[in-house]
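K.L.:
Quick one: structure below, then a few questions.
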Amino acid sequence: MTDLLDAMPLAEVLGIKLVDAQADEVTLRLEFSERLCTTGGVLHGGVLMSLADTAGAICAFLNLPPGAGTGTIESKTNFLRAVRDGHVDAVARPLHIGRSTIVVQTELRDAAGRRAGITLQTQAVLEARA
């Protein structure tokens, strides 16, 4: 499963780590770092969205038919709490697995287990190219 994460260079730049990956649930972790913050020592929203997008992409990939690929075509994040320390866990679960799209919901939780955000994204199912 770490091969999936290794295929996404941004995940390495951000320090995203794989905790667990199954077709019905993917968990990633990002350790807090001041270099990933915006003003006031708050983890940047774009970083949290990247974490959620990465978790959702892996979840979608694990639910693809053989030979297919995926790409995010829509993503919406609601931020519910600022993250100022510790880590963030992203837990992605498929809500819909269809022939042309996969819809994934990802919860972002801080080190205390409090919900920091929630992302709903649609991933396209891309047929294998000859």
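K.L.:
Is there a residue in the range 100-108 that is surrounded by fewer than 15 Cβ atoms within 10 Å (Cβ to Cβ) and touching a Phe, Trp or Tyr at 6+ places or on another chain (Cβ under 8 Å)?
P.N.:
no
K.L.:
Applying the selection to the range 49-65, what residues are more than 8 Å from the chain's Cα centre (by Cα) and farther than 17 Å from Asp3 by Cα?
P.N.:
Across the range 49-65, the qualifying residue is only Pro65.
K.L.:
If you don't mind, there's one more thing I want to ask. Please specify each residue of the range 12-23 satisfying the condition of being of a type in the set (A, V, I, L, M), under 18 Å from Glu107 (Cβ atoms) and either modelled with pLDDT under 95 or surrounded by fewer than 16 Cβ atoms within 10 Å (Cβ to Cβ) (or both).
P.N.:
Val19, Ala23
K.L.:
Name the residues in the range 24-44 that are surrounded by 14 or more Cβ atoms within 10 Å (Cβ to Cβ) and in a helix (DSSP H, G or I), would you?
P.N.:
Leu36
K.L.:
Please determine, by comparing only the residues of the range 109-130 that are of a type in the set (A, V, I, L, M) and at pLDDT 95 or above, which one is surrounded by the fewest Cβ atoms within 10 Å (Cβ to Cβ).
P.N.:
Per the criteria, the residue is Ala112.
K.L.:
What number of residues within the range 114-130 are touching a residue at least 60 places away in the same chain (Cβ under 8 Å) and in a strand (DSSP E or B)?
P.N.:
6
K.L.:
Does the range 56-70 include one or more residues that are under 17 Å from Arg84 (Cβ atoms) and either buried (at least 19 other Cβ atoms within 10 Å of the Cβ) or at pLDDT 95 or above (or both)?
P.N.:
no
The values are calculated or read from the model by the stated rules, or taken from the named source; none is laboratory data. Just so you know, these numbers come straight off a predicted model, no measurement behind them. Because the Cβ atoms are built from the backbone with ideal geometry, glycine has one as well, and the counts that use them run over all protein chains shown.
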